[in-house]
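Comments concern the structure below.
The numbers here are math on the coordinates, done by the rules we state, and not lab data. This is a predicted model, so every value here is computed, not measured. Here the Cβ positions follow ideal geometry from the backbone for every residue, glycine too, while neighbour counts run over all protein chains shown.
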Amino acid sequence: MSKIYNINNTIDEIIQGLLLDKSKQTQIKCFLETVSEYKLDKYIKFVKKNPHLVNELKVKMSGENDNWDVVVFLYRQNIKISASIYPFIYVFETALKTKVNHYMSEKQGENWISHNKGYLSSYKKTRNVISKLDDYKSDQEFIEKETTIGFWTALIQHKLFWCNKKQGICLNEIFINKKFADSELEKIECFADLESIRVLRNKIAHFEDILVNIIFDRKIPYYAVDLEKQKCTDILEFKYNILIVYSNILELLESLNCNEENIVIELKPYSEIFENLYNQTQEIFNKFRQEQLVEKFKKK
């Protein structure tokens, strides 16, 4: 039989682990009634492992603060940094979908999805989405209501669409301000940039931790696609730092010809918000990052 959840036991564990006064019980209970403790787990562990940094953080925070207040601060900082970059992801996802759809509609007509249904049904990364095509009255309705950034990045990576000169379809042409050569490396770099945006978008949409990637500047593997064999191969890693993904979005928006005359100008107010939040977060954790680098150097 699985363990029965008891919120009071969870509160007691948090109070003991964070060395809190029992008077915090009511405050913690109110918070946990709307936020799962699993969402707080990384922040709780971070606070427990880094007491000297937490003490400095308390000084920077206004008012009297304890370890629980720091956990809540980190949780809310994660919400703020996620919310500040999401407008860029939304605009990019919309622009990418529109550009690809217009390009393919001009080449093969508005029912180009149905025309390529066989290919897309056999491709692992698009198979599940394509299975829902018959639920819609038209391809365009399906495109608008069902497809996500995962579908469009997968489509661009497909050998039949990236550069198929026989059929006259080359999706690399939609990046009009950034001409991609036929070299495998440039293709992989383009795909990795798209993949980094997709990963970040999904993490934010599923309310996962973004803050940790600012603190640790982690790398994650990118399973690039062999365009000839359509097999995934672990070719390189890309830095999964939110600032790098932010730069990727701006660069790809420019390459899609989304310049100041159309939609990018709408993002200017958000740029200042995101950059201020990012710099604030970097400043808070700068000392911790330096200590991590020292420890890493000592182990070599």
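When the pairs Lys3/Lys132; Lys97/Lys166; Lys48/Lys80; Lys97/Lys137; Lys132/Lys165 are compared against a 31 Å limit on Cα-Cα distance, Lys3/Lys132 fall above it.
In terms of overall dimensions, the C-alpha atoms belonging to the stretch 1-124 reach 67, 45, 24 Å along their principal axes, ordered largest to smallest. The calculated FRET efficiency for the pair Lys203 and Cys163, based on their C-beta separation and a Förster distance of 45 Å, comes to about 0.90.
Subtracting the Cα-Cα distance of Ser271 and Thr94 from 0.36 nm times their residue separation leaves 61.9 nm of extension gain.
Subtracting the Cα-Cα distance of Asn279 and Lys132 from their residue separation scaled by 0.36 nm leaves 48.6 nm.
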